[in-house]
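The values are calculated or read from the model by the stated rules, or taken from the named source; none is laboratory data. Just so it is clear, the structure is predicted and the values come from calculations on it, not from any experiment. Cβ placement follows ideal geometry from the backbone for every residue including glycine, while neighbour counts extend to all protein chains displayed.
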Amino acid sequence: MSWFVKVDGRVYGPYTGAQMRAFVTEGRIAGHSIVSQSREDGWENASDVAQFKAWLDEARRTPGTKRAAPTDARTANFVVIATLSDDSRAGFEAALKDFGDAENISTGVWLLRAPATAATLRNELSHLLAREDKLIVVDASRDRTAWFNFGRETDQRIRELWGRPQ
């Protein structure tokens, strides 16, 4: 069975079910991602497809349980910035605190000290975001960043700015 993903009007794929499940686990496919088994039609939100709904539910962690740190992760300091819908906020904040010591310092801005990487935080937290929510994670200890749901143009600008030599 093949799957396709539509992002900003562009169609990607075909992908196998195993690849799509991995994309969900990695946070590259969220509930609002547009998927289909056909390149031409049948597009719907991943959360409306039974198989994806099961994978998304599996990928979500229950707030209140400390997450196991990756074996190769060192504790680092992060700045987490998110634009969240009212529906996403409580689950996002609970999950963020599950990673480590989190402090909300302003609307949509948290300081976090956790044994993780920026990419891991982005991948885990992106499952909790709604269609219009945005997320950027800055690893202040390692000079790394990861982001989600900014669109192609902003994505490119972030890559260019972050990659400039000092």
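I'd like the residue in segment 37-51 that is in contact with a Ser or Thr (Cβ under 8 Å, 6 or more places away or on another chain) and of a type in the set (Gly, Ala, Ser) and, out of all such residues, is modelled with the highest pLDDT. The qualifying residue modelled with the highest pLDDT is Gly42. The residues in segment 29-56 that are within 15 Å of Arg131 (Cβ to Cβ) and surrounded by 13 or more Cβ atoms within 10 Å (Cβ to Cβ) can be counted, and the count is 13.
Number of residues in segment 124-148 that are buried (at least 19 other Cβ atoms within 10 Å of the Cβ) and modelled with pLDDT under 90 equals 6. Here the strands (runs of 3 or more DSSP E) wholly within segment 100-166 that include at least 3 residues being closer than 25 Å to Asp8 by Cα are 134-139, 144-148. Of all the listed residues (Val24, Val5, Val11), the sole one being within 17 Å of the chain's Cα centre (by Cα), assigned to a strand (DSSP E or B) and β-branched (Val, Ile, Thr) is Val5.
Considering only residues that are closer than 16 Å to Trp55 by Cβ, β-branched (Val, Ile, Thr) and at pLDDT 80 or above, which ones fall in segment 1-36? Matches in segment 1-36: Val5, Thr16, Val24, Ile29, Ile34, Val35.
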